Amino acid sequence: MGKVVLYSSVSVDGFIADENDQPGPLFDWLTSGDVPLDDSGALNVSRTSYDYTRAYWDRIGVTIAGRHVFDLTDGWDGKPPGGIDHVVVVTHRPAPEGWDAEAPFHFVDGIEAAVAKAQELAGDRLVEVAAGDVGGQVLAAGLVDEVRMDVVPVVFGSGKRYFGSVDAQHLLEDPDVLPGNRVLHLRYQVRR
């Protein structure tokens, strides 16, 4: 089975969005370079960020997100973001009325069930868990293998926390650190 990776861009003080769910400058690094990150024409990063990010994105098979993120993005119009094969949505509610049952989205009740479904779908590819409340719950359940952060040089002061409401200590190994333009890529293995 593939690794389970908790991931997001994050402010220096640990927030993935402001109080109104707005990311502000957290994604500016994705347009601060001259190397196209994908075929959209919108994402251009430094060579360092391209090498790091593209290699990671290409290994992701499934993303796990909470219903809040799903609703904020309008379910990405039924198309998983970034070319991901499937999205597992952690929710206590059914799929939205009129939702295309053929879309590669799976609505699952509970963290453990979501990770199990995602690993089944991903095979030996990575399972990415969106940071925030769901990501923090997956970490707290001991189901995360790696924590990745793209730390952006901004201080929010308040907002949506990277680890959600996790309030217990979790030890991580020493980080792999890679500076890019307007971003610091960090990767930690979760200590078992």
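Around Gly14, under 15 Å between beta carbons, what's the net of Lys plus Arg minus Asp minus Glu among the other residues?
Values: positive: Arg148, Lys160, Arg161; negative: Asp13, Asp18, Glu19, Asp133, Asp150, Asp167.
Spelling it out: positives minus negatives among the neighbours equals -3.
Report, in debye and to the nearest 20, how large the dipole of the chain comes out about its Cα centre when Lys and Arg carry +1 and Asp and Glu carry -1 on their Cβ. Working shown, then result.
Values: 16 positive and 30 negative charges, 91 e Å.
For this selection, approximately 440 debye.
Can you give the convex hull volume of the alpha carbon atoms of the chain per residue, in Å³? The partial results should precede the final answer.
Values: hull volume 22.8 nm³, N = 192.
It comes to 119 Å³ per residue, whole-number rounded.
What does the net charge come to around Asp28 if you take all other residues with beta carbon closer than 12 Å to its beta carbon, with K and R at +1 and D and E at -1? Working shown, then result.
Numbers: positive: Arg182; negative: Asp150.
Around Asp28, the surrounding residues sum to 0.
Among Met149, Met1, what's the order by accessible area (1.4 angstrom probe), most exposed first?
Values: Met149 30, Met1 175 Å².
Listed by decreasing accessible area, they come as Met1, Met149.
Where the accessible area of the range 2-158 is counted over protein heavy atoms with a 1.4 Å probe, how much of it, in %, is carbon and sulfur?
Numbers: 3690 of 7220 Å².
That fraction is 51 percent.
Under the rule of -39500 (n - 2.57) per DSSP H run of 4 or more residues, summed and divided by the residues of the chain, what mean residue ellipticity at 222 nm is obtained, to the nearest 500 deg cm²/dmol? Working shown, then result.
Working: 4 runs with 37 residues, N = 192.
The helix-only estimate for the chain comes to -5500 deg cm²/dmol at 222 nm.
Find how many whole Å separate the alpha carbon centroid of the range 65-88 from the alpha carbon centroid of the range 2-23.
16 Å
For Arg93, what is the net charge nearby, where nearby means another residue's Cβ is under 14 Å from its Cβ and Lys, Arg count +1, Asp, Glu -1? Walk me through the intermediate numbers first.
Values: positive: Arg67; negative: Asp71, Glu97, Asp109.
Spelling it out: positives minus negatives among the neighbours equals -2.
Among the GluC sites (Glu not before Pro) within the range 68-174, which fall in a DSSP loop and have no more than 14 other Cβ atoms within 10 Å of their own Cβ?
Details: sites: Glu97, Glu102, Glu112, Glu120, Glu128, Glu146, Glu173; in loops: Glu97, Glu102, Glu173.
Loop-located and lightly packed - Glu97, Glu102, Glu173.
Let me understand the range 39-132 better: what is its radius of gyration from the alpha carbons, and its Dmax, in angstrom?
14.0, 43
For the range 129-192, just say rounded, prolate or oblate: build the C-alpha gyration tensor, square-root its eigenvalues into a ≥ b ≥ c, call rounded for a/c under 1.5, and beyond that prolate if a/b exceeds b/c, oblate if not.
Numbers: a/c = 2.24, a/b = 1.23, b/c = 1.82.
Cα axes put the range 129-192 in the oblate bin.
Among Ser9, Gly75, Ala140, pick out the residue whose Cα is farthest towards the positive end of the charge dipole of the chain, where Lys and Arg carry +1 and Asp and Glu carry -1 on C-beta, about the Cα centre.
Ala140
So if each residue of separation counts as 0.36 nm, and I subtract the Cα-Cα distance between Asp18 and Thr73, what length gain in nm does that give? Walk me through the numbers on the way to the answer.
Working: separation 55, 0.36 × 55 = 19.80 nm, distance 1.58 nm.
Full-extension gain reported as 18.2 nm.
Ranked by accessible surface with a 1.4 Å probe, highest first, in what order do Val89, Val190 come?
Details: Val89 0, Val190 20 Å².
So, going from the largest accessible area down, we get Val190, Val89.
How far apart, in nm, are the 7 Å Cα→Cβ label points at Asp28 and Val155?
Here the answer is 1.6 nm between the modelled labels.
The values are calculated or read from the model by the stated rules, or taken from the named source; none is laboratory data. Values in this document were obtained by computation on a predicted structure and should not be read as measured data. All Cβ positions, glycine included, derive from the backbone under ideal geometry; neighbour counts span all protein chains shown. Remember, those area values only see protein heavy atoms, side chains included, never the ligands or the DNA or RNA. Shrake-Rupley method; radii C 1.70, N 1.55, O 1.52, S 1.80 Å.
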